[in-house]
Amino acid sequence: MGKVYVFDHPLIQHKLTYIRNKETGTKEFRELIDEVAGLMAYEITRDLPLMDTTVETPVATAKAKVLEGKKLGIIPILRAGLGMVDGIKQLIPTARVGHVGLYRDPETLQPVEYYVKLPSDIEERELLVVDPMLATGGSAVEAIHSLKKRGAKNIRLICIIAAPEGVELVTKEHPDVDIYLAAQDERLNEKGYIIPGLGDAGDRLFGTK
Ligand code: PRP
Ligand code: URA
């Protein structure tokens, strides 16, 4: 069964409060989403494997560590997932970025796939699927399904806010996928919005309505 981690780091929780605030404008909202994504990636990459090496300092040889070179991939679910990519890339600049385009039909709330472009070797990569919102879970489940269909084996899902319904669906449909969150909220409303949530993440990131 997939594990669910909610990060209680004070910086993440502080920034999340400003992300939720309806008075926060597009520029600040974008910056905060990127910052929180970076802080979450910092925690998530704690278990990356290291290997021993040596390095010549100006005065001696030091025993040292470097990353073993595990191949990573960042997969934003379009559109809103794009808002999390730069913050993670700042920490992992060599990560490849693939894109899965999905939108949620406003009537049925079912995800509709419209674009997929991935690194050719996704089966060898540890993939970080990113989307600020996990609401019904339909989009994340479909995106992960789409990646697995194309060979992906190691997938983690990183969302800023989730509803219990979304967590339950992803855990049920993809029990091999761990979920990382900044907050798990109370519920969904009748329109499928997370309560209290932050509103429409894509619209707030891109200044659309
Ligand atoms: C939002 C959000 C998720 C999805 C979550 O995207 O970014 O992808 O809804 O809802 P779900 O868990 O019920 O599927 P939206 O469909 O609004 O598209 P956008 O990112 O293009 O704004
Ligand atoms: N998508 C969003 O952007 N916000 C929600 O609350 C639910 C889905």
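The values are calculated or read from the model by the stated rules, or taken from the named source; none is laboratory data. In this text, all values refer to a predicted model and were calculated from it rather than measured experimentally. Using ideal geometry, Cβ is built from the backbone for each residue, glycine included, and neighbour counts are taken over all protein chains shown.
In the stretch 167-177, is there at least one residue being in contact with a His (Cβ under 6 Å, 6 or more places away or on another chain), of a type outside the set (Ser, Thr, Tyr) and in a helix (DSSP H, G or I)? Spell out how you get there, then give the answer.
Applying the first criterion (in contact with a His (Cβ under 6 Å, 6 or more places away or on another chain)) to the stretch 167-177 yields none.
Within the stretch 167-177, not a single residue is in contact with a His (Cβ under 6 Å, 6 or more places away or on another chain), of a type outside the set (Ser, Thr, Tyr) and in a helix (DSSP H, G or I).
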(message) Suppose we keep only residues that are under 16 Å from the mean Cα position of the chain (by Cα) and more than 9 Å from ligand 1 (Cβ to nearest atom) within the stretch 119-144. Which one would you say is nearest to residue 193 (Cα to Cα)?
(response) 130
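Taking the stretch 147-166 as the region of interest, how many residues are more than 16 Å from ligand 2 (Cβ to nearest atom), in contact with a Leu (Cβ under 8 Å, 6 or more places away or on another chain) and part of a helix (DSSP H, G or I)? Let's see the steps before the verdict.
Our first condition is that a residue be more than 16 Å from ligand 2 (Cβ to nearest atom); within the stretch 147-166, this holds for 147-156.
With in contact with a Leu (Cβ under 8 Å, 6 or more places away or on another chain) added as a condition, the list becomes 147, 150, 152, 154-156.
Narrowing further to those that are part of a helix (DSSP H, G or I): 147.
Summing the residues that are more than 16 Å from ligand 2 (Cβ to nearest atom), in contact with a Leu (Cβ under 8 Å, 6 or more places away or on another chain) and part of a helix (DSSP H, G or I) in the stretch 147-166 gives 1.
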(request) Give, as residue ranges, the strands (runs of 3 or more DSSP E) completely inside the stretch 94-146 that count at least 3 residues that are away from ligand 2 (no atom under 16 Å from the Cβ). (result) 111-117, 126-130
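Looking at 201, 152, 183, 162, can you tell me which residue is at pLDDT 95 or above, within 21 Å of residue 11 (Cβ to Cβ) and more than 10 Å from ligand 1 (Cβ to nearest atom)? Steps first, answer last, please.
Values: 201 fails: more than 10 Å from ligand 1 (Cβ to nearest atom); 152 fails: within 21 Å of residue 11 (Cβ to Cβ); 162 fails: more than 10 Å from ligand 1 (Cβ to nearest atom).
Result: 183 is the single residue among 201, 152, 183, 162 that is at pLDDT 95 or above, within 21 Å of residue 11 (Cβ to Cβ) and more than 10 Å from ligand 1 (Cβ to nearest atom).
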(message) Can you pull out every residue in the stretch 169-190 that is free of Cβ contacts under 8 Å to residues at least 24 places away in the same chain and near ligand 2 (Cβ under 9 Å from one of its atoms)?
(response) 189
(request) Among the residues of the stretch 4-36, count how many are assigned to a loop (DSSP other than H, G, I, E, B) and within 17 Å of the chain's Cα centre (by Cα). (result) 3
(message) Go through (1) modelled with pLDDT of 95 or more; (2) surrounded by fewer than 19 Cβ atoms within 10 Å (Cβ to Cβ); (3) under 28 Å from residue 95 (Cα atoms) for residue 120 and report which single condition fails.
(response) (1)
(message) Suppose we filter 92, 77, 88 for residues that are more than 25 Å from residue 209 (Cβ to Cβ) and buried (at least 19 other Cβ atoms within 10 Å of the Cβ); which single one remains?
(response) 88
(request) Mind listing whichever residues of the stretch 97-106 are within 30 Å of residue 190 (Cα to Cα) and either surrounded by 14 or more Cβ atoms within 10 Å (Cβ to Cβ) or more than 12 Å from ligand 1 (Cβ to nearest atom) (or both)? (result) 99, 100, 101, 102, 103, 104
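For residues in the stretch 37-59 being without any contact (Cβ under 8 Å) to a residue 12 or more places away in the chain and not acidic (Asp, Glu), which is surrounded by the most Cβ atoms within 10 Å (Cβ to Cβ)?
Taking the stretch 37-59 as the starting set, the residues that turn out to be without any contact (Cβ under 8 Å) to a residue 12 or more places away in the chain are 46-47, 54-59.
Of the ones still in play, those that are also not acidic (Asp, Glu) are 46, 54-55, 57-59.
On the way: 46: 6, 54: 8, 55: 11, 57: 8, 58: 4, 59: 6.
The selected residue is 55.
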(request) Read through the list (1) more than 22 Å from residue 122 (Cα to Cα); (2) part of a helix (DSSP H, G or I); (3) aliphatic (A, V, I, L, M), then give the number of the only condition that residue 62 fails. (result) (2)
(message) Against the definition (under 17 Å from residue 81 (Cα atoms) and not in a strand (DSSP E or B)), how does residue 183 come out, yes or no?
(response) no
